[in-house]
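Below: one structure, written as structure tokens.
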Amino acid sequence: MAGLLIGTAIISPAQASSPEIVWAASAAQAPEVARARDYMGDHVTSITWVSRTQATEHGEGAAAAWAQDNGAGVFVTTNLPAEYVAAVVVHELAHQRQFAAYGGVRGAVAHYGSTLAEERAAQCTAALSGFKDFEAYGVETTADCTDGELAEAHKLRASVR
């Protein structure tokens with residue numbers, strides 16, 4: 001079974017489609033998801049909204065969102081402020097591209113050499129978008145990214161969608 005990118009829980013596709021999952025973004029969050037999808041050119045990956053309690057129950061702790069490499073897509077917590085949704089979703093969609101390109105979470109971590117390097121590549125993709133974001137993994141703006149990380153961010157954005 002494939003693991004999650006952030007956290008220690010494993011959520012199966014059956015759990016992802018459980019009736020406990022919250023399936024709607026707020027009126028302010030929904031257009032931000034659309035902005036992220038447009039930026040990444042990805043209108044296919046499943047985006048599932050979950051409560052903070054559900055994220056905690058699945059082992060995600062304080063994570064605002066996470067991506068899975070088992071076909072379940074991206075999960076976003078409903079308490080994520082709308083102003084950060086676009087950048088966070090771009091970050092998670094970048095992980096989906098990493099998983100597809102490098103054979104899942106383990107393959108992506110092996111490709112980048114560490115979990116931190118894999119996360120920084122996704123975060124630099126979010127920074128490249130110009131959407132409002134908070135600092136994560138030592139990256140808040142593209143100025144925090146190395147030339148190699150920015151090249152990878154461009155590659156992730158441009159990869160087959």
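Derivation of every value follows stated rules applied to the coordinates shown; laboratory data play no part. From a predicted model like this one, the values you see are computed outputs, not experimental measurements. Glycine also receives a Cβ, built like all others from the backbone with ideal geometry; neighbour counts cover every protein chain displayed.
Of all residues in the stretch 111-136, those being touching a Phe, Trp or Tyr at 6+ places or on another chain (Cβ under 7 Å) and of a type outside the set (Ser, Thr, Tyr) number 10.
Restricting the stretch 78-115 to residues that are among the β-branched types (Val, Ile, Thr) and in contact (Cβ under 8 Å) with a residue 12 or more places away in the chain, the residue that is farthest from residue 154 (Cα to Cα) is 78.
So that you can scan it fast, the table gives a plain yes or no per residue for (1) surrounded by fewer than 16 Cβ atoms within 10 Å (Cβ to Cβ); (2) within 19 Å of residue 119 (Cβ to Cβ):
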residue	(1), (2)
37	no, no
41	yes, no
48	no, no
51	yes, no
59	yes, yes
62	yes, yes
69	no, yes
